[in-house]
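A quick write-up on the structure given underneath.
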There are 4 protein chains.
Amino acid sequence: MYPLPLQKLIELFGKLPGIGPRQAARFAFFVLKGKDAYVQELIASLEEVSSKIKTCAQCYRTVEDTGTGQILCAFCKDTRRDHAMLAIVEKEADMQNLEKTGAFRGLYHILGGVISPLDQDSPRRLHLRQLHERIKGLLASGDAAFEVVLATSSTTEGDTTALYIEQILAPLRTAHPQLKISRLGRGLSLGSELEYADEITLRNALTNRR
Amino acid sequence: MYPLPLQKLIELFGKLPGIGPRQAARFAFFVLKGKDAYVQELIASLEEVSSKIKTCAQCYRTVEDTGTGQILCAFCKDTRRDHAMLAIVEKEADMQNLEKTGAFRGLYHILGGVISPLDQDSPRRLHLRQLHERIKGLLASGDAAFEVVLATSSTTEGDTTALYIEQILAPLRTAHPQLKISRLGRGLSLGSELEYADEITLRNALTNRR
Amino acid sequence: MYPLPLQKLIELFGKLPGIGPRQAARFAFFVLKGKDAYVQELIASLEEVSSKIKTCAQCYRTVEDTGTGQILCAFCKDTRRDHAMLAIVEKEADMQNLEKTGAFRGLYHILGGVISPLDQDSPRRLHLRQLHERIKGLLASGDAAFEVVLATSSTTEGDTTALYIEQILAPLRTAHPQLKISRLGRGLSLGSELEYADEITLRNALTNRR
Amino acid sequence: MYPLPLQKLIELFGKLPGIGPRQAARFAFFVLKGKDAYVQELIASLEEVSSKIKTCAQCYRTVEDTGTGQILCAFCKDTRRDHAMLAIVEKEADMQNLEKTGAFRGLYHILGGVISPLDQDSPRRLHLRQLHERIKGLLASGDAAFEVVLATSSTTEGDTTALYIEQILAPLRTAHPQLKISRLGRGLSLGSELEYADEITLRNALTNRR
């Protein structure tokens, strides 16, 4: 219905997460309307992101590649952060949300996704082997207490992922008693009303009462 | 617009919680349609509830008055339940929801509402004096451990109510070290995604990790 | 879980249109809370509605029965209204909504429901025979122009009902050329955006352009 | 919080209609994840749209510029379409939606927006002068009947725009009686229930009954 090049752009916009064909068309017309300004800026930005954004060699957070060899993010290089705590998160946005609380001062490991019980290949797509190596290396360096916080979502995928990691780390834990593995607390979230809370949340809230 | 008696019924239905004038009118026409059957049943039921439903003298749960003097509910009379634990809830529906988990086997105290920071009279409408008396009586009878679980909602009103009760019980706690006061655990509720969790919930989830 | 009389009331409230078990329980506790005042008023109102509200012998609108024989509603008795126009509506609330516009000054006929394509008995539950008699009587009294406005909803049921009535009235129309049958206009309703309008609505809007 | 080039991309995505910062970030990470494939395709597509997509010299619909001089879209060149009917629409998506009905076979004029009562400059941003010239030219060529269909949305802006165009065309109409100006029909849209219809829609439905 639209000219082919426009049709193609609508199709590409339609691949963005959560975008249907109608909104993709709105994006395309938005691009057309502000032609010379917006579209050139967007192309330049996409090119810059494509060439300059890399991920931290240790935690897989995005970093700008300044061409100086080995890439470590600001957190991993920051000696004031607590290097004896490691929060494992699904994606960078989760890390950003945890940072907003100011309540966690350790390091992170970004998995790059979750394990889906229906997708046998999903574990291979995550940075799990690297996680194991990283923790093994840390434990080898001494007997100091070290805590891994499994900061996955309270969803089926998040729980499956946390369980899987616990199994991967089980041998390390046996060999290194200084390794502690914890999960984020479960219970009533802000605004939860007792009358409408689900059974599992209420059970957690009772068990974790304090 | 409608005949006066109908108008009056619509008005009364409109006082039910969450019901606007349009739905109240639908109720009234529903009543009219099934006239002889539904309306007579409803009248009889309202009369029976009005005359026979009382509240438990100890926990304020609803009970049917069978005319045999002092009224205690089935939970309060049940010696197999744990009489050394007392969950304080806002309303009976909250108690029912906790019961569904099967994870709490103690007794209850139904406050009959919440304390609103904007309504200075709200504490007086709750069964707080009776709560104090009840706990005082229980503590007087011995040194056995006794736990009060503040099972209020994770809302401003719920938190205000819990705080208020903690203050009321503070002197008892000083005098009776066997009294333990706890609150339901806070953290991620079922289905919470880290990316969308609010700051307070995340902070609780970090603090209460285990 | 609740005492039997309360359980029964919750069940009855749960039969009200659009009310699930949880909201029904809230209604029951609302009734209990304001016991002596609200419940007695509600019982009295239900009894009054049950005994005093009848429907107009001509149009089936609700009227208060004052015990003076044949019951006609204020509209049917009002000689200033246009007795040569008759709007056929599904239910009294639709009539009230039409009245609000001030744009219709004729009489009404309330069907008491709609014809469902899936429920063969549904036509029998409506005041259709009475509608036929009423129009027949009116046409017998002279050759003056007379218009029937099929004011049913723009839904499958509403359209089925309108079609059914057109078929019922077809013989009268053949015999009495002064009978005009119309339907409410179709097209863009207030706030409709062209981009989001459905195909049938757009087609109607094009056909009915003016 | 993110590296600057990524931050910039999130910002640009956040300018797309209906996109907030959180979804913009999801877009950016989606782009990063499929790096070499998706991002290169998107850049190429944006460049092609930027260089090749022009608008029809007559109706302002998008067309692909094939470098052969004057650009007319397929509709404007199609002699089988009815050149004596002109639908005036706010934007191309509205035209596409009208086309889906198959009920309109005339030509279009895309305004490129609406007139906002709060934005005095908005008329200048629309193709209104060109519309006037186009209709004037068509009327000059003969006395054949010609209809302009104001196919704007049933919103405040859509109505304001239609009214404004009627005023612009008023002198042409006086001079050329063969010019007919119509608006899309108003009334019940598909699925409208009488009980919930707004007053203006009901009034239109009564006036436009047929």
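See the values below:
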item	result
Residues being within 14 Å of chain C (Cβ to nearest Cβ) and either in contact with a Ser or Thr (Cβ under 8 Å, 6 or more places away or on another chain) or touching a residue at least 40 places away in the same chain (Cβ under 8 Å) (or both) - total across region D:76-96	8
Any hit, region C:143-153, residues being crowded, with 17+ Cβ neighbours inside 10 Å, hydroxyl-bearing (S, T, Y) and part of a loop (DSSP other than H, G, I, E, B)	yes
Sole exception among (1) among the small types (G, A, S); (2) assigned by TED's automatic domain parsing to the domain that holds B:A84; (3) closer than 15 Å to A:R209 by Cβ for B:S189, by number	(2)
Residue match in region D:67-86 (condition: buried (at least 19 other Cβ atoms within 10 Å of the Cβ) and touching a helix residue (DSSP H, G or I) at 6+ places or on another chain (Cβ under 8 Å))	yes
The one condition in (1) at pLDDT below 95; (2) more than 7 Å from every other protein chain (Cβ to nearest Cβ) that B:Y60 fails to fulfil	(1)
Filtered residue count, region A:114-133, keeping only those that are surrounded by fewer than 17 Cβ atoms within 10 Å (Cβ to Cβ) and assigned to a helix (DSSP H, G or I)	6
Which listed residue, of B:E92, B:E64, B:E41, B:E11, is over 30 Å from C:T62 (Cβ atoms), among the acidic types (D, E) and outside the structural domain of B:D143 (by TED's automatic domain parsing)	B:E64
Condition broken by D:S153, with the remaining ones in (1) over 13 Å from D:E90 (Cα atoms); (2) facing another protein chain (nearest Cβ under 10 Å) satisfied	(1)
Among the candidates C:L190, C:L184, C:L194, C:L206, residue that is closer than 14 Å to D:T152 by Cα and surrounded by 22 or more Cβ atoms within 10 Å (Cβ to Cβ)	C:L194
Pair list, Cβ < 6 Å and 6+ apart or interchain, from region C:56-74 residues that are within 17 Å of C:K91 (Cα to Cα) to residues that are among the aromatic types (F, W, Y)	C:C59/C:Y108
Residue among A:I165, A:I181 that is of a type outside the set (G, A, S), part of a helix (DSSP H, G or I) and under 25 Å from the mean Cα position of the chain (by Cα)	A:I165
Filter result for C:L16 (over 25 Å from C:T152 (Cβ atoms) and either over 26 Å from the mean Cα position of the chain (by Cα) or outside the structural domain of C:Q178 (by TED's automatic domain parsing) (or both))	no
Residues that are more than 26 Å from A:R186 (Cα to Cα), hydroxyl-bearing (S, T, Y) and in contact (Cβ under 8 Å) with a residue 24 or more places away in the chain, drawn from region B:103-159	B:S116
Every residue from region A:123-146 that is more than 13 Å from A:A84 (Cβ to Cβ) and among the acidic types (D, E)	A:E133
Which numbered condition B:N97 misses (of (1) under 30 Å from C:A93 (Cβ atoms); (2) in the same structural domain as B:D143 (by TED's automatic domain parsing); (3) polar (S, T, N, Q))	(1)
Single residue of A:Q96, A:Q40 found to be surrounded by fewer than 19 Cβ atoms within 10 Å (Cβ to Cβ) and either closer than 30 Å to A:E157 by Cα or of a type in the set (V, I, T) (or both)	A:Q96
Residue identified as part of a helix (DSSP H, G or I) and closer than 30 Å to D:A162 by Cβ among C:T201, C:T174	C:T201
Count of region B:160-184 residues which are out of contact with any strand residue (DSSP E or B) (no Cβ under 7 Å at 6 or more places or on another chain) and either small (G, A, S) or without any contact (Cβ under 8 Å) to a residue 24 or more places away in the chain (or both)	7
Residue match in region C:169-182 (condition: of a type outside the set (K, R), in contact with an Asp or Glu (Cβ under 7 Å, 6 or more places away or on another chain) and facing another protein chain (nearest Cβ under 9 Å))	yes
Test: A:V148 is within 19 Å of B:S192 (Cβ to Cβ) and at pLDDT 95 or above	no
Any hit, region D:97-113, residues being of a type in the set (K, R), closer than 23 Å to D:S51 by Cβ, in contact with a helix residue (DSSP H, G or I) (Cβ under 9 Å, 6 or more places away or on another chain) and within 14 Å of chain C (Cβ to nearest Cβ)	no
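Yes/no matrix, rows are residues, columns are (1) closer than 18 Å to D:Y60 by Cβ; (2) in contact with a Cys (Cβ under 8 Å, 6 or more places away or on another chain); (3) at the interface with another protein chain (Cβ under 7 Å from one of its Cβ atoms):
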position	(1), (2), (3)
D:K136	yes, no, no
D:E147	no, no, no
D:G158	yes, no, no
D:L163	no, no, no
D:I200	no, no, yes
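The values are calculated or read from the model by the stated rules, or taken from the named source; none is laboratory data. Note that the structure is a prediction, hence the values are computed from the model and not measured. All Cβ positions, glycine included, derive from the backbone under ideal geometry; neighbour counts span all protein chains shown.
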